[in-house]
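Notes follow the structure.
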Amino acid sequence: MSDLALYACSVLIWGSTWLAIKFQLGLVPPAVSVAWRFTAAALMLLAYAGYKRLPLRFDARTHLWLALQGLLLFGINYVLVYLSEQSLASGLVAVIFSLMAFYNIVGLRLFFGVPVKPSALAGAALGIVGVALVFWPELSHFSMSPARLMGVILALIGTAVSSLGNMTATRNHRFQLPIIQANAWAMMYGAAFVAIYAALAGQRFVFERSPSYVFSLLYLALFGSVIAFVAYLTLLGRIGADRAGYSGVAIPIVALVLSSLFEDLHWNAAMVGGIAMCVAGNVLVLRRSPVAARS
């Protein structure tokens, strides 16, 4: 697949998964739903690898890195997403997660020595102001409830954890780990970590048999986890975590459109302005310089 096709695949699928997560909230505890989701996704990838006779053996050191990727990218990150969506509209959570592009730039500098361009600082400022504008009605009237404030905090922490997962995936790609097999093990580790957390927290391992829960779980496992992550991590390996983070430009737009259609989320001038600033910030941070474009 071309870079553009990989980008479009991850944007369109992930733009819709924020809404699909809403159908996972209810009878089943969030952490348990995450465990079901990534167990199913890992089994799908393992079945595909077995069918294609792809090698699945890695040494102990590699398994430790895959476990770390699973813990960050498929474990803690998604538990925080599910918890934040209990008090926030899915589109708003997606907007907060668009800041991951900025976290990725900082992470690449800290862990891999990639220089930070001056435009990155300006873009980060635009993104922060944009997110503040999205929540301006709540902030200006001091009407944000403790539950909504906690949802924002959880989403911000989840974004940072997801970016650390991106850094781990970048390291694993640099060691030329195959995407399919690496994701299969990482998702299995992520599901195991979340399951252990849920058990220690005393959460019941129940399964809701309603059509909305089952179909949303299958959609999230196959499309949101297997297809979208394989597409995104392939793109990340080709063009780097900073530029792959450009998907954060369009994902919130798709998510907010769906949220307004299905969750009665009403748009206002502040929200439109905030989204525009988030988009402008991402574009400013991730656009290539003329020199880089010719390299």
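Observations on the structure shown:
- Only helices enter this figure: runs of n ≥ 4 DSSP H residues, each worth -39500 (n - 2.57), summed and divided by the residues of the chain, yield -24000 deg cm²/dmol at 222 nm to the nearest 500.
- Options (1) 0.97; (2) 1.26; (3) 1.05 - which one matches Cα Rg over 2.2 N^0.38 Å as calculated here: (1)
- Once C-alpha pairs closer than 8 Å and six or more residues apart are averaged by separation and normalised to the residue number of the chain, the relative contact order reads 42 percent.
- C-alpha center-to-center spacing [region 220-248, region 88-139] in angstrom: 18
- Ligands, DNA and RNA left out, the accessible area of the chain computed with a 1.4 Å probe is 71% carbon and sulfur.
- Probe 1.4 Å, accessible area per residue of region 50-139, Å²: 47
- Selected from A89, Y48, A280, residue furthest toward positive end of dipole (the chain; charges at beta carbon): Y48
- Exposure rule at most 13 other beta-carbon atoms within 10 Å, DSSP loop trypsin sites (Lys or Arg not before Pro): the chain longest free segment: 58-203
- Global geometry of region 20-152, whether rounded, prolate or oblate, following the gyration tensor of its Cα atoms and the 1.5 cut on a/c: oblate
- Residues in region 68-81 carry Karplus couplings, in order, of 5, 4, x, 4, 7, 7, 10, x, 4, 3, 6, 4, 5, 4 Hz; the curve used is 6.51 cos²θ - 1.76 cosθ + 1.60 with θ = phi - 60°, and Gly or Pro positions show x.
- Taking all protein chains together and a 1.4 Å probe, the residues F58, F193 rank F193, F58 from largest to smallest accessible area.
- Extension gain, I227 to D264, is 10.4 nm, computed as 0.36 nm per intervening residue step minus the present C-alpha separation.
- When both region 21-87 and region 250-278 are represented by their alpha-carbon centers, they are found 28 Å apart.
- Gaussian network model of the chain, springs between alpha carbon atoms under 10 Å - residue of P178, P29, P211 with greatest fluctuation: P211
- Take D264: with every protein chain present and a 1.4 Å probe, its accessible area is about 110 Å².
- In nm, spacing of pseudo-spin labels at L110 and Q176 (7 Å Cα→C-beta vector): 3.0
The values are calculated or read from the model by the stated rules, or taken from the named source; none is laboratory data. Given the structure is predicted, the values throughout are model-derived calculations rather than measurements. In this analysis, Cβ positions are derived from the backbone assuming ideal geometry, glycine residues included, and neighbour counts consider all displayed protein chains. Each accessible area value is taken on the protein alone, full model and side chains, heavy atoms only, with ligands, DNA and RNA left out. Shrake-Rupley method; radii C 1.70, N 1.55, O 1.52, S 1.80 Å.
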